[in-house]
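Here the structure comes first, spelled out in structure tokens, and everything after it is commentary.
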Protein chains: 2
Amino acid sequence: MSEPIDLRTALASFDALWSPRIAARVNDYDVRIAKVAGEHVWHVHADTDEFFLVLDGELRIALREAAGEREVVLPTGSVFVVPRGVEHRPSSDGGASILMFEPTGTPTVGDRHDPVPGHVDATTGHPLG
Amino acid sequence: MSEPIDLRTALASFDALWSPRIAARVNDYDVRIAKVAGEHVWHVHADTDEFFLVLDGELRIALREAAGEREVVLPTGSVFVVPRGVEHRPSSDGGASILMFEPTGTPTVGDRHDPVPGHVDATTGHPLG
């Protein structure tokens, strides 16, 4: 990346939901952006944490932890890290735009997951533009 | 981090300039937030890229590249990665709030730098709150 990228412009360049675009690379990590609405799928990343920043809208992340199931709510401008090994399912009733940091090659549906519905893109991220 | 963090609230919890707070950990990386104004110092990270996202205000990053010196301008909502090995100097005339993603332990002034002025905090990041 030799020039800065405006995230609003980048987000306007695609419509697909739950289908992250790689906005930047930082060492062997991706900075991915995605538009989301409705429910993703329960999945787990065995070997990596996953960082979420909500750029617009509201994201919910359901978590299956040792203590039981709960859901965290992320309004615009908030961040959360899902620890490795924790089964989770992002969702957004009203739609959201999000930014994620995770190791390059991390699949969106994790290493283990429920059956992937048609509206969820099982990918390691697409190039931007 | 067991609960989401609101970045606006987190930024309101400190005043120091050029003195990053660690908002989250992702594997062996930090998500750091900082308030900045004026000039940082020319420095270089030999072994790591450095990711910048401007949350508020405008950031400039001067770069000394093989082709010569130039400056990139990052308005609110834009991102940029300074590649490892590239000498750079962030600045902000009007002040800005930024988010950075870099390996835990990365010093703010790099591995090699000009004399550090008093207003720049040479740190690997402070805990939040």
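The values are calculated or read from the model by the stated rules, or taken from the named source; none is laboratory data. In this text, all values refer to a predicted model and were calculated from it rather than measured experimentally. Because the Cβ atoms are built from the backbone with ideal geometry, glycine has one as well, and the counts that use them run over all protein chains shown. The area values use the complete protein model at the heavy-atom level, side chains included, leaving out ligands, DNA and RNA. Shrake-Rupley method; radii C 1.70, N 1.55, O 1.52, S 1.80 Å.
Here are the numbers for the structure shown:
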item: Filtered residue count, the stretch A:49-81, keeping only those that are in contact with a Phe, Trp or Tyr (Cβ under 7 Å, 6 or more places away or on another chain) and of a type in the set (V, I, T); result: 4
item: The lone exception for B:R89 - which of (1) outside any strand (DSSP E or B); (2) more than 14 Å from chain A (Cβ to nearest Cβ); (3) closer than 25 Å to A:D28 by Cα it fails; result: (1)
item: Sole exception among (1) surrounded by fewer than 19 Cβ atoms within 10 Å (Cβ to Cβ); (2) away from chain B (no Cβ under 11 Å) for A:I98, by number; result: (1)
item: Options A:R60, A:R25, A:R32: the member that is modelled with pLDDT of 95 or more, within 13 Å of the chain's Cα centre (by Cα), open to solvent by 40 Å² or more (accessible area, probe 1.4 Å) and of a type outside the set (F, W, Y); result: A:R60
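This table checks each residue for (1) more than 9 Å from chain A (Cβ to nearest Cβ); (2) small (G, A, S); (3) in contact (Cβ under 8 Å) with a residue 12 or more places away in the chain; (4) part of a helix (DSSP H, G or I).
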residue	(1), (2), (3), (4)
B:K35	yes, no, yes, no
B:I61	no, no, yes, no
B:E71	yes, no, no, no
B:V79	no, no, yes, no
